[in-house]
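Data block below; observations after.
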Amino acid sequence: MIPVQVMWGVRGTLLAVLLGSVQSPSALAESCRLPPRHAGVAFPVEQVEAGWACRLQPIIEDFTTANKVGPIRTPLPESLYVYLLDRPPTAAALVNRLELGLYKAEERGPGRYWGTDGEGTSGLVELVYQDRTHRMYYLEGTHDSALLRHIVGKAVVLLHMSPGKDAVGHDVVETTLVAYTRLDNRLLAGLVSLVRPLVSSTITRKLTKGVEAVNRLGLEMRRNPRRVLFEAMDPPALPPEDVVFLQEALAGMHASISAPQKDQPSK
């Protein structure tokens, strides 16, 4: 029989080891710091939770590719742009119904979505951080194409938004995207120097195409709001709250466009 004193001594030692191996939140945050600037753009990385910082850090520090897209101007008022940005299923449904792309998205929990571009790329997207002008996302997904067969990887996407006006005074949102990707495929990871240019060009094309789809959606909302509403309400209609928001936002957008601008003489 093992003496009680020995048992308690072993338990105490194990407890001390376990407690010593668990870092406090402050220590964890200290050990997983993210750089504040990415492709010349500043992001509030100090606001990212410690647990997320430790998941993002390896991708950012040991990336396979790093890509920047933008700044690109989207012809939408800030409120409408942010509404669609934070509701991927709604944005994807409108893009699809208006034949601007093949995107589909489904909500998989708070701030978590599954999506596909209809052209071989799909995966899960999780919102890591948001404020008025920034979004940070963590992605896990796959890509299949004739040149890149079943690519598996993770990504960090940083988004910076800046609302403003175009040359004639219409509302726009200027967007810059920075994306870091890290391949999980062992074979491709070993050939990273060979596949990096191909992977990088594919990612840039995907990011650019996504932004362009949103731009085309914005232009369609300006030019043909009735068609947009028709597609939103055509069975199966979008959720009622989305339809109501779109009705109000498009009406306000059309009124703003129709009204004479201060720097433009009224006719």
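Observations, loosely collected:
- For the residues PRO240, PRO197, the requirement of being modelled with pLDDT of 85 or more and over 20 Å from LEU85 (Cβ atoms) singles out PRO240.
- Within segment 138-162, the residues that satisfy the criterion of being open to solvent by 40 Å² or more (accessible area, probe 1.4 Å), closer than 19 Å to ILE59 by Cβ and either among the charged types (D, E, K, R) or over 10 Å from the mean Cα position of the chain (by Cα) (or both) are GLU140, THR142, VAL152, LYS154, HIS160.
- Inter-residue pairs, beta-carbon under 7 Å, first more than 30 Å from GLY120 (Cα to Cα) and in segment 147-171, second open to solvent by 20 Å² or more (accessible area, probe 1.4 Å) and hydrophobic (A, V, I, L, M, F, W, C), 6+ apart: HIS170/ILE257
- Test result for GLU99, loosely packed, with under 13 Cβ neighbours inside 10 Å, part of a loop (DSSP other than H, G, I, E, B) and at pLDDT 90 or above: yes
- Among residues of segment 216-230, those that are farther than 12 Å from HIS254 by Cα and surrounded by fewer than 18 Cβ atoms within 10 Å (Cβ to Cβ), counted: 4
- Verdict on LEU84 being surrounded by fewer than 17 Cβ atoms within 10 Å (Cβ to Cβ), among the aliphatic types (A, V, I, L, M), within 16 Å of the chain's Cα centre (by Cα) and modelled with pLDDT of 90 or more: no
- Hits in segment 120-137 (condition: acidic (Asp, Glu) and surrounded by 15 or more Cβ atoms within 10 Å (Cβ to Cβ)): GLU126
- Residue match in segment 9-32 (condition: modelled with pLDDT of 50 or more and under 30 Å from SER201 (Cβ atoms)): no
- All of (1) open to solvent by 80 Å² or more (accessible area, probe 1.4 Å); (2) at pLDDT below 90 hold for GLY210 with one exception: (1).
The values are calculated or read from the model by the stated rules, or taken from the named source; none is laboratory data. Everything numeric in this text was worked out from a predicted model, so none of it was measured. With ideal geometry, Cβ positions are generated from the backbone for all residues, glycine too; neighbour counts draw on all protein chains shown. Only protein heavy atoms, including side chains, enter the accessible area calculation; ligands, DNA and RNA are left aside. Shrake-Rupley method; radii C 1.70, N 1.55, O 1.52, S 1.80 Å.
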